[in-house]
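One structure below.
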Amino acid sequence: MSHYAEVIVVNARVKTMDPDNPRAEAIAIAGGRFLKAGSRADIEPMKGPHTRIIDAQGGSVLPGFSENHMHIFSGSAELDHLQLAGVSGEAELTARIRAYSGEKPDEMVLYAQGADYTLLGTGVSVTRQDLDRMMPDRPLVIFAHDHHTAWANTRALEMAGLLHGGTVPPGNEIVMAADGTASGELREMEAFNPLLEISGFDRFRQGLATGLEPNPYPDEATFRRDMDVMRRGLAYCAAHGITSIHNMDGNRYQLELLEAVLKEDGYLPCRIKIPFHFKPFMELSALERASEMAARYNNEYLSSGLVKLFHDGVIDSGTAVMVEPYADDGKNGEPLFTEEKFRAAVIEADRRGLQIAVHAIGDGAVRAVLDAYEAAQKANGRRDSRHRIEHIEVIHPDDIARFAELGVIASMQPPHPPGAMGLPLEPTVSKIGRHRWRYSYAWRTLKEAGAHIPFASDWPVSPISPVLGIEAAVNRKPWGPEDLDQSFSLDEAIAAYTAEGAYAEFAEDRKGMIRPGYLADLVFLSGDIEAVAPSEIHTLGIRGTLIGGRTGFSDHSDWQNG
């Protein structure tokens, strides 16, 4: 093997995230891994006759971003839906819906994504009659930005057989109006999944909604279309600087699609981990499928070995589980699992040596998950399991120290706090209640208590960009003068999208830092992230990414100058 570098990066402001060598101006790469990071004088002798030179043009070069909680298949498919982020009021909403309807004359159902709960005004509940005024003659379904609530017009409810209600499991609700018909609001996946089934779109959300495989299995033409959906989503991720993905829903079908793309293309622009999604209706024996996925998919591009569960819903719809009742309605929220079933599933997944990630937003759900992880340690013995809790939007003060004590990872999302990235404060802050603000989205509190905190967007729930996430984390402001400052420093926020992501997937020995022998995954920014004002971080673009030393994304700038 030649001692020359295959790729050399020059003219860079390198933040390696390696505490032993934090800064550099040039990087050498060969065999898909870093050879060295140092001064240009250090790296120049490693240039050979066929070395590719990439000029970073004075911009920041970082380890490739790790997106530590997202939904690749549904997010990729939803790129084609009507996007409603920032839209409010009946007039604007109507105009957007009718314009989209004109663009999609052949769609069986019109789907819209990203709506705020205050879509028609603070305290105003969206009804099917509201949507009928906007779109009376075609089925219309609008999803809240968090994907935990949907609103449907009458035509859509009729097609799905939901106009007169239906039976749903605990923690889910088809909201009924006084006249005995469905109001148009559907809370949680089991309630609104029929609205996806009527168009066949449920296949893209199957890993999220049921954890099962498509039945019947897609024919070759459909499979190839789904491969292209995955390609489009991965390209979208790479264009935002992402080189590693922790997906947070899954089934074997997603792995089969990605494996087919990898085989056909020879690489993926992002490395990706796909979990097995364990649902409340499943028997514990279903976890054998998780073990089979872990054994079958275990390479540097595509892996499994993770079990995802949902313990509760979200605050805005009152489906997150709280220790004490919500401030506005006196209810606590209802868990999606019985305590007995949830603990049994966690203990069995842990016994199998699998990592576990649980969606838990309310402080009651967070406590229940910590209790289950503690029960698993007592049942199976303690190991370096790195089990995770996803979101942790409210935590009870008694549970803060338990993350470090139990070795549990706190996976959190900078775009999610109300007031961040344009999200309205209401109804969330009023439902939480003033007495709990201090322990809401408590990133710094958990970090200072010893928890590992990887960051993410939860795309398509929030905009995918880690650059926007870093800005949101650095500029986080308390809601009230008595609340704690939960913001992160710039270095802490970058680490949460790099080194902490690697730790969360047991890859800190080969990912998340620019260090000799590590996988050569890089993101190139259009400027110096340390030189711009904290409020201007969003102005930085992504010039390109490398994945194992090869281009994952490029903005077509000339990387051969140097």
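Would you say residue 61 is buried (at least 21 other Cβ atoms within 10 Å of the Cβ), out of contact with any His (no Cβ under 9 Å at 6 or more places or on another chain) and under 21 Å from residue 490 (Cβ atoms)?
Criteria met by residue 61.
If the requirement is being touching a His at 6+ places or on another chain (Cβ under 9 Å), crowded, with 18+ Cβ neighbours inside 10 Å, assigned to a helix (DSSP H, G or I) and of a type in the set (Asp, Glu), which of these qualifies: 500, 492?
500
Checking residue 429 against (1) in contact (Cβ under 8 Å) with a residue 60 or more places away in the chain; (2) touching a Phe, Trp or Tyr at 6+ places or on another chain (Cβ under 8 Å); (3) surrounded by fewer than 24 Cβ atoms within 10 Å (Cβ to Cβ), which test does it fail?
Unmet for residue 429, out of (1) in contact (Cβ under 8 Å) with a residue 60 or more places away in the chain; (2) touching a Phe, Trp or Tyr at 6+ places or on another chain (Cβ under 8 Å); (3) surrounded by fewer than 24 Cβ atoms within 10 Å (Cβ to Cβ): (1).
Being among the charged types (D, E, K, R) and either at pLDDT below 95 or touching a Phe, Trp or Tyr at 6+ places or on another chain (Cβ under 9 Å) (or both) is true for just one of 458, 384. Which residue is that?
Result: 384 is the single residue among 458, 384 that is among the charged types (D, E, K, R) and either at pLDDT below 95 or touching a Phe, Trp or Tyr at 6+ places or on another chain (Cβ under 9 Å) (or both).
Looking at 159, 189 in this structure, which one is in the same structural domain as residue 134 (by TED's automatic domain parsing) and buried (at least 23 other Cβ atoms within 10 Å of the Cβ)?
The unique qualifying residue is 189.
Please go through the stretch 429-445 and give me each residue that is within 23 Å of the chain's Cα centre (by Cα), in a helix (DSSP H, G or I) and polar (S, T, N, Q), ordered by number.
Hit for the stretch 429-445 is 445, nothing else.
From the set of residues in the stretch 422-445 that are farther than 16 Å from residue 478 by Cβ and not hydroxyl-bearing (Ser, Thr, Tyr), which is modelled with the highest pLDDT?
431
Tally the residues that are farther than 30 Å from residue 69 by Cα and either in contact with a strand residue (DSSP E or B) (Cβ under 7 Å, 6 or more places away or on another chain) or part of a strand (DSSP E or B) (or both), restricting the search to the stretch 136-154.
Of the residues in that region, 3 qualify.
Given the condition out of contact with any Leu (no Cβ under 8 Å at 6 or more places or on another chain), modelled with pLDDT of 95 or more, aliphatic (A, V, I, L, M) and buried (at least 19 other Cβ atoms within 10 Å of the Cβ), answer yes or no: does some residue in the stretch 547-559 qualify?
The answer is no; no qualifying residue exists.
Between residues in the stretch 198-215 that are hydroxyl-bearing (Ser, Thr, Tyr) and residues that are surrounded by fewer than 18 Cβ atoms within 10 Å (Cβ to Cβ), which pairs lie under 6 Å by C-beta distance while being six or more apart or on different chains?
Pairs that qualify, where the first residue is hydroxyl-bearing (Ser, Thr, Tyr) and the partner is surrounded by fewer than 18 Cβ atoms within 10 Å (Cβ to Cβ), are 199/108.
Among the residues of the stretch 353-364, is there at least one that is out of contact with any Asp or Glu (no Cβ under 7 Å at 6 or more places or on another chain) and among the polar types (S, T, N, Q)?
Scanning the stretch 353-364 turns up at least one residue that is out of contact with any Asp or Glu (no Cβ under 7 Å at 6 or more places or on another chain) and among the polar types (S, T, N, Q).
Is there a residue being in contact with a Gly (Cβ under 7 Å, 6 or more places away or on another chain) and either part of a strand (DSSP E or B) or crowded, with 17+ Cβ neighbours inside 10 Å (or both) anywhere in the stretch 366-385?
Yes, the stretch 366-385 has at least one match.
For residue 426, state whether it is assigned to a helix (DSSP H, G or I) and either among the acidic types (Asp, Glu) or over 27 Å from residue 71 (Cα atoms) (or both).
Considered against the rule, which asks whether it is assigned to a helix (DSSP H, G or I) and either among the acidic types (Asp, Glu) or over 27 Å from residue 71 (Cα atoms) (or both), residue 426 comes out as no.
Residue 250 - would you say it is in the same structural domain as residue 316 (by TED's automatic domain parsing), over 22 Å from residue 554 (Cα atoms) and buried (at least 20 other Cβ atoms within 10 Å of the Cβ)?
It is true that residue 250 is in the same structural domain as residue 316 (by TED's automatic domain parsing), over 22 Å from residue 554 (Cα atoms) and buried (at least 20 other Cβ atoms within 10 Å of the Cβ).
Might you let me know whether the stretch 377-392 holds any residue that is among the acidic types (Asp, Glu), in the same structural domain as residue 326 (by TED's automatic domain parsing) and within 18 Å of the chain's Cα centre (by Cα)?
Yes, that holds for at least one residue.
Can you pull out the residues in the stretch 94-121 that are touching a residue at least 60 places away in the same chain (Cβ under 8 Å) and either more than 23 Å from residue 198 (Cβ to Cβ) or among the small types (Gly, Ala, Ser) (or both)?
Correct list: 114, 116, 117, 118.
Determine, yes or no, whether residue 171 is crowded, with 20+ Cβ neighbours inside 10 Å and at pLDDT 95 or above.
So residue 171 does not fit the description; no.
For the stretch 393-426: of the residues being in contact (Cβ under 8 Å) with a residue 40 or more places away in the chain and acidic (Asp, Glu), which is surrounded by the most Cβ atoms within 10 Å (Cβ to Cβ)?
393
Determine, yes or no, whether residue 309 is in contact with a Leu (Cβ under 8 Å, 6 or more places away or on another chain), outside any loop (DSSP other than H, G, I, E, B) and free of Cβ contacts under 8 Å to residues at least 60 places away in the same chain.
No.
So which residues in the stretch 1-34 are crowded, with 22+ Cβ neighbours inside 10 Å, touching a helix residue (DSSP H, G or I) at 6+ places or on another chain (Cβ under 9 Å) and of a type outside the set (Gly, Ala, Ser)?
Within the stretch 1-34, 8, 9, 15, 27 qualify.
Just one of 523, 532, 474 is out of contact with any Lys or Arg (no Cβ under 8 Å at 6 or more places or on another chain), among the β-branched types (Val, Ile, Thr) and under 23 Å from residue 42 (Cβ atoms); which is it?
523
What is the number of the single condition among (1) under 26 Å from residue 144 (Cβ atoms); (2) out of contact with any Pro (no Cβ under 7 Å at 6 or more places or on another chain); (3) buried (at least 17 other Cβ atoms within 10 Å of the Cβ); (4) modelled with pLDDT of 95 or more that residue 451 does not meet?
So residue 451 meets the others, but not (1).
The values are calculated or read from the model by the stated rules, or taken from the named source; none is laboratory data. Everything numeric here is computed off the predicted structure, so don't read it as measured data. For neighbour counting, all protein chains shown are included, and Cβ atoms are generated from backbone atoms with ideal geometry for every residue, glycine included.
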